[in-house]
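Below: the structure, in structure tokens.
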Amino acid sequence: MPVSLSNVSIVSASSSDQLSMFADATETATSPNDIVTRLRELRSLLTEASNAYYILDAPTLEDSVYDRLYRELEALEAAHPDLVTPDSPTQRVGERPAEQFNSVEHNISLYSLENAFDAAELQKWDERWRKIEDQADAAYVCELKIDGSAIALTYIDGLLTRGATRGDGIKGEDITQNVRTIRTIPLRLNIENPPKQVEVRGEAFIPLDTFEDINQAREKAGEERFANPRNAAAGSLRQLDSRMVAERRLDFFAYTLQFPDGVELSDDFKPQSQWESLELLQRMGFRVNPNRKCCESLGAVQAYFDEWDTKRHDLTYMTDGAVVKLNDRRLQEELGFTQRFPRWAIALKYPAEEVPTTVKQVSFQVGRTGAVTPVAELEAVQLAGTTVARATLHNGDRIAELDLHLGDTVVVRKAGEIIPEVVRTLAELRPAGAKAVQMPSDCPECNQALVRPEGEAVTRCINNACPAIVTGALIHWVGRDALDIDGMGKKLVEQLVDKGLVTSVADIYRLTTDELASLERMGEKSAQNLVKAVAASKTRPWSRVLYGLGIRHVGSVNAQVITAQFTSVETLSAASSEAIAEVYGIGDEIAQSVTAWFSNAGNQQLIEALNQAGLQLVGEATVEAVGEQPFQGQTFVVTGTLPTLSRNEAKALIEQAGGKVTGSVSKKTSYVVVGEDAGSKLKKAESLGITLWSEEDLRSNLAAENP
């Protein structure tokens with residue numbers, strides 16, 4: 001695309017001719033209006049030239065001309081700092097290193113993807129979503145899965161205002177200064193009349209040739225080489241000095257965009273499909289992976305996957321599979337998400353690399369539930385781009401199945417290219433006199449006898465005072481979905497247990513400022529803030545306390561469903577497993593686990609201690625009649641911010657009462673539950689004449705159906 005200034009085309013001009021074209025313009029920029037105009041022209045010209053070079057791969061300016069104009073812009077902005085704008089090309093690299101990265105909450109959660117490793121698993125995924133939405137025909141969009149680091153970009157009025165890491169999907173780290181150094185991320189969207197706010201998701205990565213250049217430079221400087229481009233990209237994004245990030249020359253592919261509730265959209269910004277979303281991202285100035293394809297069947301998806309299994313080795317970046325998404329965005333909204341994954345997308349992964357190595361030793365780790373997991377200590381090997389020195393052995397049955405001996409040569413692979421595991425033993429290479437590996441009879445942490453419950457493969461420590469169990473229970477208790485005690489991380493918990501300051505979660509509420517201040521890396525002020533955070537956790541609702549107890553099989557959503565029926569610790573602890581199992585969504589396994597937990601004398605003492613500490617062990621009554629489903633066959637949409645319920649909590653109540661919750665409003669919607677700041681979903685519901693409920697209406701209708 002020709003780039004012009006003052007209607008003068010410069011694409012075909014020589015370097016010297018191009019430079020002379022701007023001499024007069026620079027000299028005449030003397031008045032305030034002229035300076036503002038000239039700054040605007042320079043920024044526009046340089047931005048378009050950068051887009052042509054990095055996005056379109058079709059340079060429009062000679063390098064010498066670009067450099068000359070860039071220096072002119074720098075000089076003008078230095079002389080007039082009050083006229084510097086955030087989207088200026090000069091603002092891509094920060095002048096000062098950041099002191100730290102702040103944790104930020106994502107406007108829209110970043111979910112990870114479920115993995116499939118063959119055609120059978122892909123077929124099962126397809127069958128699962130079809131059970132939820134009866135859809136005869138469906139198209140799929142296939143995109144190469146880039147092996148980099150996921151980031152979320154927020155644009156307000158078209159201007160890049162925040163870049164964040166994935167983190168745990170709910171919260172990430174604010175890396176805006178570093179994101180601005182990536183040339184393929186526009187500082188301002190390349191469109192007119194952008195939406196008020198838009199979220200763009202994509203993958204930051206380091207191209208293979210750049211990666212090799214970086215490693216060669218590190219070797220010359222006497223520094224250790226990066227293991228792989230993925231780690232190099234993730235590490236680069238977390239550099240405090242953005243100038244160093246700029247030197248790493250990261251690249252970026254955008255793969256999805258989302259609009260927060262309440263954002264008004266013109267017809268130009270209402271993509272109906274994933275394919276249209278990708279095209280819109282391109283129009284906005286992003287690079288989108290060119291090796292994408294729209295497939296009309298799973299067979300076509302498999303053909304795409306097979307084709308790139310060979311061709312991927314010729315790419316300039318790393319890819320470990322294909323991401324398969326349902327093309328219809330309406331269908332995506334209807335299907336929604338599980339607690340971890342979108343139901344409408346899956347990652348189809350290529351087989352993991354396998355390598356042989358030697359078992360040096362086997363250690364045994366004790367988790368918060370007392371489960372003892374054997375871990376093989378290995379001769380370090382390179383596997384899928386990382387150094388692997390440890391691999392899980394799962395349980396005693398797996399050890400026996402492998403016929404594992406110390407000193408054995410084993411084949412190791414990465415499950416999902418994340419968790420190393422031992423695949424098989426090469427017994428023919430076993431050294432003479434090698435000792436067979438056995439599960440221990442006593443706990444390696446507390447020396448108490450281990451047990452293996454009947455019908456289970458897992459060996460457990462059942463000593464609730466075991467330091468490993470206490471540590472795991474505390475880490476779970478202080479987590480975000482449980483009591484959410486800010487500032488109490490893993491290392492601090494380990495110190496508290498090691499020094500004997502806590503032996504159960506209840507002991508957290510007895511800690512003093514002096515005790516906390518005596519710990520490593522804890523000053524007086526930090527100790528005071530932590531005491532306040534512990535006190536604040538006492539206000540968390542009964543459902544989060546139940547989840548925080550760490551009862552086996554009881555997740556955060558199950559805890560909400562259970563506490564909606566059993567609205568106090570007294571009623572739940574007195575309930576039979578049959579009564580608990582009758583709750584919609586709660587089966588026998590969960591029910592038996594709950595009753596077994598409450599029947600333990602030590603756990604009863606813990607509940608009493610938590611009660612004495614002032615924790616919330618009573619919730620609000622909702623549906624009283626166990627097992628009844630007043631909303632059976634009805635479809636709900638929840639939009640806006642409700643007074644007391646989170647969306648997940650409202651969703652759990654509706655589903656527990658037999659209703660279905662979807663993400664978009666249609667003629668099939670029975671009710672829309674509306675909170676503050678409801679946006680387009682509310683307007684659509686009103687246009688379709690759908691009944692609107694408040695949170696109070698939701699609760700009263702539940703109560704009316706179950707007097």
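Data for the structure
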quantity	calculated
Additional length obtainable on full extension of the chain from T641 to A457, 0.36 nm per residue less Cα span	61.8 nm
Accessible surface of R340 - all protein chains present, 1.4 Å probe, nearest 10 Å²	150
Net charge, I469 excluded, C-beta distance under 11 Å - Lys, Arg +1, Asp, Glu -1	+1
Gyration tensor verdict on segment 501-596 (Cα atoms; rounded if a/c is under 1.5, prolate if a/b is larger than b/c, oblate otherwise)	prolate
Total formal charge among the other residues, if their Cβ is under 15 angstrom from that of K360, Lys/Arg +1 and Asp/Glu -1	0
Positive-end extreme of charge dipole, the chain - chosen from S526, Q632, A609 (charges on Cβ)	A609
Among the listed pairs K270/K681; K124/K414; K131/K660, those beyond 19 Å (Cα-Cα)	K124/K414
Cβ-Cβ FRET estimate between R390 and H80, R0 fixed at 60 Å, reported to 0.05	0.55
Gain upon complete extension [R552, K683; 0.36 nm per residue less C-alpha separation]	42.9 nm
nm² value of the averaged projected area, convex hull over the Cα atoms of segment 357-480	9.1
Segment 406-465: GluC sites (Glu not before Pro) in DSSP loop, at most 15 other beta carbons within 10 Å	E454, E456
Degrees between helix 15-27 axis and first principal axis of the chain (Cα, 0 to 90, nearest 10)	90
Accessible area (Å², 1.4 Å probe, nearest 10) - E570	110
Exposure ranking of E524, E589 by accessible area [1.4 Å probe, largest first]	E589, E524
For G167, residues with placed amide H under 5 Å, excluding near neighbours	E173
Sequence-distant lysines (8 or more away, or on other chains) whose Cα lies within less than 25 Å of K435	K360
Lysines whose Cα lies under 24 Å from that of K532, excluding same-chain neighbours fewer than 8 positions away	K171, K490, K491, K499
Value of [θ]222 nm, deg cm²/dmol, for the chain, DSSP H segments ≥ 4, -39500 (n - 2.57) each, nearest 500	-11000 deg cm²/dmol
Å² of accessible area per residue within segment 560-692, as computed with a 1.4 Å probe and no ligands counted	47
Cysteines in the chain lacking a second Cys C-beta under 4.7 Å	C142, C294, C295
Summed residue charge, Cβ within 10 Å of D328's Cβ, Lys/Arg positive, Asp/Glu negative	-1
Histogram of C-alpha separations across the chain, 20 Å bin width, %	14, 41, 36, 8, 0
Sites T310 and K124 - FRET efficiency at Förster radius 30 Å, r taken between beta-carbons, to 0.05	0.70
FRET efficiency for K435 and E578, using Cβ-Cβ distance with R0 set to 45 Å, rounded to 0.05	0.40
Estimated inter-spin distance, R398 and S700, nm [label 7 Å along Cα→Cβ]	5.4
Length added when fully stretched, Q632-T503, from 0.36 nm per residue minus Cα-Cα	41.9 nm
Nitroxide proxy distance, nm - points 7 Å out along Cα→Cβ at S593 and Q339	0.8
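The values are calculated or read from the model by the stated rules, or taken from the named source; none is laboratory data. On a predicted model such as this, the values are computed, not experimentally measured, just so you know. FYI the Cβ positions are ideal-geometry reconstructions off the backbone, even for glycines, and counts take in every protein chain you see. Quick note on the areas: whole protein, heavy atoms, side chains included, nothing else; ligands and nucleic acids left out. Shrake-Rupley method; radii C 1.70, N 1.55, O 1.52, S 1.80 Å.
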